[in-house]
1. Within the accessible area of the stretch 285-337, what % is carbon and sulfur when the probe is 1.4 Å and the other protein chains stay in place?
2. Along the stretch 364-374, what does the Karplus equation 6.51 cos²θ - 1.76 cosθ + 1.60 (θ = phi - 60°) give for ³J(HN,Hα), rounded to whole Hz, x for Gly and Pro?
3. Distance from a point 7 Å along Cα→Cβ of ALA337 to each backbone N in the stretch 449-481: keep the residues under 16 Å and list them by number.
4. By average Cβ neighbour count within 10 Å, what is the ranking of 371-383, 337-349 from highest down?
5. Considering only protein heavy atoms, what per residue accessible area in square angstrom results for the stretch 346-486 with a 1.4 angstrom probe?
6. Amide H of HIS343: which non-local residues (sequence gap of 5 or more, or other chain) have their own amide H closer than 5 Å, using H built in the peptide plane?
7. Any chance you could list P(r) for the stretch 378-466, counting all Cα-Cα pairs in 5 angstrom bins from zero, rounded to whole %?
8. When the solvent-accessible surface of protein heavy atoms is calculated with a 1.4 angstrom probe, in what order do LEU336, LEU71 fall, highest first?
Amino acid sequence: MLSKKNKALAISMGIFLSMTGTSFAQSTSDTDKVSSENKVSVTDNENINANVNSFSDVPQGHWAYEALDYLAQHGVIEGYKDGTFQGNRTMTRYEMASIVANAMKSDKGDIGDKAVLNQLKEEFSEDLKQMQSQIDKNTSDISKLKEDAERFKISGFGRVSWDNDNIKGYNDQNDNNRFYLDLKGKFKVNDNWNFNFESETNQRYARFVNSDGRVEYHQGHDDEDGVIQRIWAEGNIDKLHVDVGRRWRGLGFQNVLLGHETDGIVLDYPLDNNGLKALAFYQKPTDAGYDFAMYGLGVQGPVSDNLQINLAYAQLDIDKNESPGYNAYADGNPSLANTFGSHGLVLSAMWNPMKNITLIGDYVRTNAETQHVTEYVGDRVNNFDIDENTSKSIRLNYRWTNLNDPGSFQLYTRWFDYGRHGNIMGDEEWGLLKPGSNGWVFGFKYVPAKNVEWETMYEIADAYDGTYGKQNEQYKRHLLRTQVDFHF
């Protein structure tokens, strides 16, 4: 029989092997019954586990032979019905518990003897300390590597989109037939601050039809060809959150009043512990030719378990009759007419009346003056007034998509009525929602694979013709759009 020291060695060897892969006595859990069916315990057949010679895959010269022989004789380990030990098989947690339990409960006394276990502890105490030290160091190194890796993150999506649109008064009726890439980067400065950038690439691939019916083809790509267009910083000063720089920003849940790239700063401060916060902002739209800024206050966040609000008031730094800039694309750069006045208000809410149902509404009002328009068409003169300084949009969603859940989907419908002077620089959603139009949008979103989202929508609306000489004439607009986004 082995000495106590060798007994300790044998037990340690068994535990070591249990970590690297081995077979043990009967499982103590129903979860392990499947693997137990192929095992033979000592009580099943004393000859199989009488000694380690029963294991055909453990030759007598094996380095672990003596320890395994000892453990087999004491019923701590067992073999399979085919006579193998299978020392390279990965163990389960239940099997690890089994070897410890069998060692502690052995009726033979010498396996579970407290002195033997103490000897085991003393024999390998220094080794265990060294192992623990190495584990602590590895844990620290892994934590540092993870922290370094998380300091810089890249995200975004690529899009393939196609339109069938009969829009009038604009040069391109298929403006969204394109490949598009939105690339975002975030640099972690410290626990309170991040520095960000965004790069957009628009590459159109299809033909387009001019308003006079001529068919042309896009050459190359747009001027936004992958440069970094937006840079901003975000961080916290105590409870105050700061967002400063150039980025895309919006006001209201549907961004009807403002949904545009701006230079500026937005501050928000919590009003309670549930997410309601107060806003203060100063922003300058970045479109070529525009030269005005807006500043204002707002409040957004949940006010009950199923209701959120998003309210804002924006004041411009120009008078309601003052030009907001010049037309950068026309000969001579003539002054632009003020079509939004000097201030705007948005009242927006998101309500969940029942599971899977979300209702979103936006009401926008500006103080734009009535615009008197005169058009000279041959020997005919058109005179009319534009007095449309409100915009409204109501959207009904059924369910939400989840990019991590293939098969998830969303159905939605939207009613909208956008006045020609009913926003400052609202989000037109890639030309879908034009000022001076009202109607319906029906659509769905579907996740066919992880991080891939397919969306298709159809719009039918009464819209104004933007062609000179016909600006007060309405027509029925039909738009069918389908697009696939690949998120990363």
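The values are calculated or read from the model by the stated rules, or taken from the named source; none is laboratory data. Note that this is a predicted model, so its numbers are computed, not measured. Note: ideal-geometry Cβ built from the backbone for every residue, glycine included; neighbour counts use all protein chains shown. SASA here: full protein model, heavy atoms, side chains in, ligands and nucleic acids out. Shrake-Rupley method; radii C 1.70, N 1.55, O 1.52, S 1.80 Å.
1. Roughly 47 percent, rounded to a whole number.
2. Coupling constants for the stretch 364-374: 10, 9, 10, 10, 4, 6, 4, 9, 8, 10, 10 Hz.
3. 464-474
4. Working: 371-383: 10.2, 337-349: 21.1.
Result, highest mean Cβ count within 10 Å first: 337-349, 371-383.
5. On the way: 6910 Å² over 141 residues.
With the other protein chains kept in place, the stretch 346-486 gives 49 Å² per residue.
6. LEU316, ASN367
7. 3, 12, 18, 17, 14, 12, 9, 6, 3, 2, 2, 1, 0
8. LEU336, LEU71
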